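For reference, the structure is listed below as structure tokens.
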Amino acid sequence: MATRLDQTFRLCIDGGSIHENLEEQPVLFDVVVPPDRRDDLAPDAHVCDGEGAELKCRIDRLDTKTGQVRGWVVVPRMQPGVDVEMLLVPGTCRRPFSQQDLGPTVAGALCVEGWIHVDEARSEAVQVVAASWEFAMRPTALATCDAGAVDGQPTQGFFGAVFDGRFIYFAPQCNNEGHHGHALRYDTHMPFDDSAAWRAYDAATTEGLTTKGYYGAVFDGRFVYYVPRFDGDTQHSRVLRLDTTGDFTDNTSWSAFDAGQPISCQGAAFDGRYVYFAPGMHQDDGPSGCVLRLDTLASFHDEGSWDWHDVSTTGGLDCRCFDGAVYDGRHIYFVPLNGGPVVRHDPKLPFAEADAWEAFDTTGLPGFSRCVGAVFDGRRVYFVPYAHDTVVCYDTEVPFTAVGSWTAHAPGSVDGLDCRGYDGAAFDGRYVTFVPFWDGETTTDGFHARLLRYDTTLPFTAAEAWQAADGSVLAPPNPGGFNGGAFDGRFLYMAPWRLNDPSGQIHAHGQVLRLDTAAPGSSFQLRWVDCGHNGGLCGAVPGPAFLVNCADGPVCVQAHATVTAGWHHLAGVYSPENGAELWVDGECVVRQAARGAALPSAQEITVGELVGGSGSLCGHVAQVRLRSRRLTAGEARTCAANLRAPADFVRLVG
């Protein structure tokens, strides 16, 4: 049946917004039919080219009352400076716009693009655009590397670590000679057991200060901040900072600032601008509730960049001595080492304002006890049990101070292993892995390497959701006794701290334990948001990220930027010649060197989530496109221009 001309509307793509010759290009349109023509708007419509040939399209919204018509169309050809005419005509679409446009990949190269709409500007969690990735069925792919004497230094005894997109930085705490400042770094682009992959630097006297004894680290996109704890003589607040753009072993890359209080910090969180240092002990007064905050956009050495705030009486409770902090994209949570109240801060409110702080009284929750570190899976915060066996999780979608929002569970004996006593945890997108430390019994034989893993796609209290593995058996001679760790997208690295000694005295070690979380055949993940507080005692805001498995190991590129709601174009590109690139809204924001050919996909591609439904995007994916080619700046800029202002990119002209 012929189309009535009075029900046909002419659309025009602005050629001035096209920056590259393009073919089969997805285009978002969002036009409003004027009031005098809304009676002509049919309840069903589709898009044709200027000659009347039907195009692939999808109408997401057609409102005959308001006149709004929003949808997608695949445009066969676009040229810079040349307007493209199209027709909106009545009738059901016979050439649907597909959510997936997947072409073959060859020569170890790939380009994964996503046209997405994000509902909430939440900068923490795991939010997947597209992936070809499967997780290891069991946490048994373990390896050990002895990093205890790197560059001739006593590199043993670390508390926490952090990942910057390529390197793992271990925070120096205490070795067999005492509290130390021997910072340790591992290059994830080199073999785990290659001595050249490891570097050490003695930062113990940076800028004339005693800079020893640290507990966790934060990465802000350029600088690593080491969290101050105890130097062997006093609790201290001397923050150590590394500029990662400089040479790791060059003293000019290192700086330090004394925040002026004899108060230790134990772990920290980062919201994209501010670092929040979790208070531990005051040298004279004992347990402390004084939170230290640093504005990373201000001068590091300026006293005005630093603030202290005492939260010890929040909610009328005794809120002191924390061990770890975590950010869920909305709030900062401080983890109670002594089993006391959990304190939460709202970064949107002034730091010292009383309403910005609240506390949950854990005495009403059976099983809640001492904790070291926490991790967030996109909905729940998991508090890591220190020297006991009860894991507690909080559902962030329900009221913080309600007891019913919290669940405690003691997995007990899992896979024949006694699972108790952990320091920190990591989230790989599906599983939470608890880092083994001490069972709470004796210091002669209580330090262990029994990993505990929870499958977040299963009920928290279900026995089948829990797995365990003994690293001392699977990766000998590892003695266990770890304190936190860091995750690079595929591998979890556990920071070596203390081993069993017949005397019961401190005996530090440098045996790093590594867990491979991926199954064979895993190829890539394109994430709108990556998890940065991932290890229990570290903090970062990676933002958008692209992870690709290659012949010589994984390559990860992270934007290290906060995100916004709305429409976005995201692309991860990899080739053996040019390495990895991450493109966000028309700009290449980061590059990383190649590691051989990208491994071919052996897993089904998932869109908007990982296998099993975890890592879901807070929004929706309009289209994912997979090709074996590079992305040009012109292509990316055209996509960004379209999504930034679809009403200007495609106009209703008649």
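The values are calculated or read from the model by the stated rules, or taken from the named source; none is laboratory data. Computed from a predicted model, the values in this text were never measured in an experiment. Please note: Cβ atoms are built from the backbone with ideal geometry, for glycine as well, and neighbour counts cover all protein chains shown.
Select from region 91-125 the residues that are surrounded by fewer than 18 Cβ atoms within 10 Å (Cβ to Cβ) and under 15 Å from ARG58 (Cα atoms) and list them in ascending order.
Result: GLY91, THR92, ARG94, ARG95, PRO96, SER98, GLN99, GLN100, ASP101.
Please verify whether CYS556 is over 18 Å from VAL129 (Cβ atoms) and in contact with a Gly (Cβ under 6 Å, 6 or more places away or on another chain), treating the condition exactly as stated.
The answer is no for CYS556.
Residue-wise test of (1) small (Gly, Ala, Ser); (2) in contact with a strand residue (DSSP E or B) (Cβ under 7 Å, 6 or more places away or on another chain).
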{"site": "VAL384", "(1), (2)": "no, yes"}
{"site": "VAL392", "(1), (2)": "no, yes"}
{"site": "ALA402", "(1), (2)": "yes, no"}
{"site": "TYR431", "(1), (2)": "no, yes"}
{"site": "PHE437", "(1), (2)": "no, yes"}
{"site": "GLU441", "(1), (2)": "no, no"}
{"site": "ASP445", "(1), (2)": "no, no"}
{"site": "LEU451", "(1), (2)": "no, yes"}
{"site": "LEU474", "(1), (2)": "no, yes"}
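Given the criterion basic (Lys, Arg) and either assigned to a helix (DSSP H, G or I) or over 17 Å from CYS639 (Cα atoms) (or both), identify the matching residue among ARG38, ARG77.
Answer to the selection: ARG38.
Quick check on this structure: which one of ALA268, ALA259 is among the hydrophobic types (A, V, I, L, M, F, W, C), buried (at least 24 other Cβ atoms within 10 Å of the Cβ) and touching a residue at least 40 places away in the same chain (Cβ under 8 Å)?
On inspection, the qualifying residue turns out to be ALA268.
Within the set of pairs 6+ apart or on separate chains, which have a first residue in region 201-218 that is more than 21 Å from ASN176 (Cα to Cα) and assigned by TED's automatic domain parsing to the domain that holds GLY152, a second that is of a type in the set (Phe, Trp, Tyr) and surrounded by 19 or more Cβ atoms within 10 Å (Cβ to Cβ), and C-beta atoms under 7 Å apart?
Taking only residues 6 or more apart or on different chains, the pairs are THR206/TRP254; ALA217/TYR169; ALA217/TYR225; ALA217/TYR226; VAL218/TYR225; VAL218/PHE270.
From the list SER305, SER264, SER253, SER299, which residue is hydroxyl-bearing (Ser, Thr, Tyr) and within 23 Å of PRO341 (Cβ to Cβ)?
Result: SER264 is the single residue among SER305, SER264, SER253, SER299 that is hydroxyl-bearing (Ser, Thr, Tyr) and within 23 Å of PRO341 (Cβ to Cβ).
Identify, by number, the condition in (1) among the aliphatic types (A, V, I, L, M); (2) out of contact with any Asp or Glu (no Cβ under 8 Å at 6 or more places or on another chain); (3) at pLDDT 95 or above that VAL624 doesn't meet.
(2)
Do any strands (runs of 3 or more DSSP E) entirely within region 363-432 hold 2 or more residues that are free of Cβ contacts under 8 Å to residues at least 60 places away in the same chain, surrounded by 23 or more Cβ atoms within 10 Å (Cβ to Cβ) and of a type in the set (Gly, Ala, Ser), and if so, which?
By residue number, no strands (runs of 3 or more DSSP E) qualify.
Quickly run through region 561-598 and pick out the residues that are buried (at least 20 other Cβ atoms within 10 Å of the Cβ) and of a type in the set (A, V, I, L, M).
VAL563, LEU570, ALA571, VAL573, ALA580, LEU582, VAL584, VAL590, ALA594, ALA598
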